[in-house]
Amino acid sequence: MPSLSLGAIAQSFLKKLDIFFIRLLFLNNPFFKEVIKQSSFRWLELKISKIDKNPQSLALIKQIIYLIDRDYIRSQGTREDRQYYYEIARFIKRDSWKLREILAQEYIKKNIDKVIDRTVKIDDEIGIAIASLKGYSLLETALIEAKEIIQKKENQKLISKGSLDFIASSKKDFDSNCAIARLALDPNLLVPIANYFGILPILFGFDINRASSREVLDWSSHRYHLDPEDTMQIKVFIYLDDVDENVGPFTAISADKSKAIAEYFNYTVGRLKDEQVHSIIDPKNETICIGRKGTTIFCDTNRCFHYGGRIKERERYVLTIYYSLPTSTWFPLFPGDGERRNLTPLMRPSEDSEFEKALLGYELV
């Protein structure tokens, strides 16, 4: 059994101490209290540089500033940085988190009888699950609704990121009354996600997209990657047509094996080629999600390397629904920390539903 060096033990201890130290700063340091009040990281840096000319002290302050800068964490942060940010966010939002834990248990208890397949489980070690809701009336209505939208809009000029063209989105095309929005708030999706998270999630948004590029684009979602917004999130992919191996199936690697890949390549953000991934894991360990129209895939895209949309024969259409935690870098970390990104502005919760208020991020964010 290999022994740990004293340096490794000390380093591990210091990492844990760092989190404690940052928490202590938030609670007791007057400068951080002031920066939360004034919402200006630059102001804090200048303030401290005037009273402390020690370069090492200033470097430490800058490091801490970056750990609470959600734009930096999302665009440049390392996996360790994101874990630190998650710990800080959990601590700051601990009261809301606790209430979401309670709401999750209440929601599951209240809605479990509405779930048509209770065997669907997103395993913590795997982070992936596949369900069939075939015959479920709300799903069938949502599929029809999606097809009507595609026929109406797909020949219009679409927003594209190369690998995907976006036909419609919750940001501008859907209100609470449409079937797709009601499906996104349905227990058949929410119960497995609430069980996986341990808290009631936030419906961050959804869209209908089309994969149409037959060229594999190295910089796009055609290549293996992890999403950078948080340490955990769930995306639900619902096929709007039958998908086989020639129609760009969503492909993912379990969370435990993805962790090994990320550690080997010291992964932060960006794309990995298949040969890089396959040098660490056998291709047999890939989950290639082929399925009939209506196939529903749950994946933690923060923890599981994934790609999709490498089409060969015909275009692929998917409804993608995004579920977040309050710790996501899309949401303010503290009062005054900018605005939340809101991709469901047309959806309104029922006045008497504490579940919908939390699910849509009107409360406990």
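The values are calculated or read from the model by the stated rules, or taken from the named source; none is laboratory data. Computed from a predicted structure; not experimentally measured. Using ideal geometry, Cβ is built from the backbone for each residue, glycine included, and neighbour counts are taken over all protein chains shown.
Among the residues in the range 198-209, are any farther than 19 Å from residue 292 by Cα, buried (at least 22 other Cβ atoms within 10 Å of the Cβ), touching a helix residue (DSSP H, G or I) at 6+ places or on another chain (Cβ under 7 Å) and among the small types (Gly, Ala, Ser)?
Within the range 198-209, the subset farther than 19 Å from residue 292 by Cα is 198-207.
Filter once more, so that each one left must be buried (at least 22 other Cβ atoms within 10 Å of the Cβ): 199-206.
So of that shortlist, the ones also touching a helix residue (DSSP H, G or I) at 6+ places or on another chain (Cβ under 7 Å) come out as 199-203, 206.
With among the small types (Gly, Ala, Ser) added as a condition, the list becomes none.
No, that holds for no residue.
Summed over the range 141-160, residues that are surrounded by 15 or more Cβ atoms within 10 Å (Cβ to Cβ) and either under 17 Å from residue 183 (Cα atoms) or in contact with an Asp or Glu (Cβ under 7 Å, 6 or more places away or on another chain) (or both) total 8. Listed by position, the helices (runs of 4 or more DSSP H) inside the range 247-365 whose residues that are under 22 Å from the mean Cα position of the chain (by Cα) number at least 3 are 255-265, 354-359. The set of residues in the range 136-189 that are free of Cβ contacts under 8 Å to residues at least 40 places away in the same chain, closer than 30 Å to residue 112 by Cβ and acidic (Asp, Glu) contains only 145. When 242, 300 are checked against the criterion of being of a type outside the set (Val, Ile, Thr), under 25 Å from residue 181 (Cα atoms) and surrounded by 15 or more Cβ atoms within 10 Å (Cβ to Cβ), a single residue qualifies: 300.
Residue-wise test of (1) among the β-branched types (Val, Ile, Thr); (2) touching a Cys at 6+ places or on another chain (Cβ under 8 Å); (3) crowded, with 17+ Cβ neighbours inside 10 Å; (4) farther than 25 Å from residue 153 by Cα.
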{"residue": "279", "(1), (2), (3), (4)": "no, no, no, yes"}
{"residue": "283", "(1), (2), (3), (4)": "no, no, no, yes"}
{"residue": "293", "(1), (2), (3), (4)": "no, no, no, no"}
{"residue": "296", "(1), (2), (3), (4)": "yes, no, yes, no"}
{"residue": "317", "(1), (2), (3), (4)": "no, no, yes, no"}
{"residue": "329", "(1), (2), (3), (4)": "yes, no, yes, yes"}
{"residue": "335", "(1), (2), (3), (4)": "no, no, no, yes"}
{"residue": "352", "(1), (2), (3), (4)": "no, no, no, yes"}
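State yes or no: is residue 312 among the basic types (Lys, Arg) and at pLDDT 95 or above?
Numbers: among the basic types (Lys, Arg): yes; at pLDDT 95 or above: no.
It is false that residue 312 is among the basic types (Lys, Arg) and at pLDDT 95 or above.
Pick out the one residue from 310, 316, 340 that is basic (Lys, Arg) and either within 23 Å of residue 175 (Cβ to Cβ) or touching a Leu at 6+ places or on another chain (Cβ under 6 Å) (or both). Working first, answer last.
Details: 310 fails: either within 23 Å of residue 175 (Cβ to Cβ) or touching a Leu at 6+ places or on another chain (Cβ under 6 Å) (or both); 316 fails: either within 23 Å of residue 175 (Cβ to Cβ) or touching a Leu at 6+ places or on another chain (Cβ under 6 Å) (or both).
Criteria check complete, one pass: 340.
Does residue 197 fit the bill of being under 21 Å from residue 329 (Cβ atoms) and either in contact with an Asp or Glu (Cβ under 6 Å, 6 or more places away or on another chain) or of a type outside the set (Val, Ile, Thr) (or both)? Working first, answer last.
Numbers: under 21 Å from residue 329 (Cβ atoms): yes; either in contact with an Asp or Glu (Cβ under 6 Å, 6 or more places away or on another chain) or of a type outside the set (Val, Ile, Thr) (or both): yes.
For residue 197, the condition - under 21 Å from residue 329 (Cβ atoms) and either in contact with an Asp or Glu (Cβ under 6 Å, 6 or more places away or on another chain) or of a type outside the set (Val, Ile, Thr) (or both) - is met.
Residues in the range 123-162 that are among the polar types (S, T, N, Q) and modelled with pLDDT of 95 or more: 137, 141, 151. Taking every residue in the range 249-273 that is over 15 Å from residue 283 (Cα atoms) and pairing it with any residue that is among the polar types (S, T, N, Q), at least 6 positions away or on another chain, the pairs with Cβ-Cβ distances below 6 Å are 268/78.
Take the range 319-337 and flag every residue that is within 20 Å of residue 172 (Cα to Cα) and touching a helix residue (DSSP H, G or I) at 6+ places or on another chain (Cβ under 6 Å).
Step one: of the range 319-337, the residues within 20 Å of residue 172 (Cα to Cα) are 319-324, 330-331.
Of everything in the range 319-337, those that are within 20 Å of residue 172 (Cα to Cα) and touching a helix residue (DSSP H, G or I) at 6+ places or on another chain (Cβ under 6 Å) turn out to be 319, 321, 323.
Here are some residues: 268, 287, 251. Which one is among the polar types (S, T, N, Q), more than 18 Å from residue 330 (Cβ to Cβ), in contact with a Pro (Cβ under 9 Å, 6 or more places away or on another chain) and surrounded by 14 or more Cβ atoms within 10 Å (Cβ to Cβ)? Criteria check complete, one pass: 268.
Scanning the range 212-239 for residues that are of a type outside the set (Ser, Thr, Tyr), buried (at least 23 other Cβ atoms within 10 Å of the Cβ) and more than 15 Å from the chain's Cα centre (by Cα) yields one hit, 238.
Determine, yes or no, whether residue 176 is within 27 Å of residue 276 (Cα to Cα) and more than 19 Å from the chain's Cα centre (by Cα).
Numbers: within 27 Å of residue 276 (Cα to Cα): no; more than 19 Å from the chain's Cα centre (by Cα): yes.
It is false that residue 176 is within 27 Å of residue 276 (Cα to Cα) and more than 19 Å from the chain's Cα centre (by Cα).
Specify the residue that is nearest to residue 133 (Cα to Cα); the eligible residues are those in the range 79-105 that are exposed (fewer than 14 other Cβ atoms within 10 Å of the Cβ) and free of Cβ contacts under 8 Å to residues at least 12 places away in the same chain. That would be 102.
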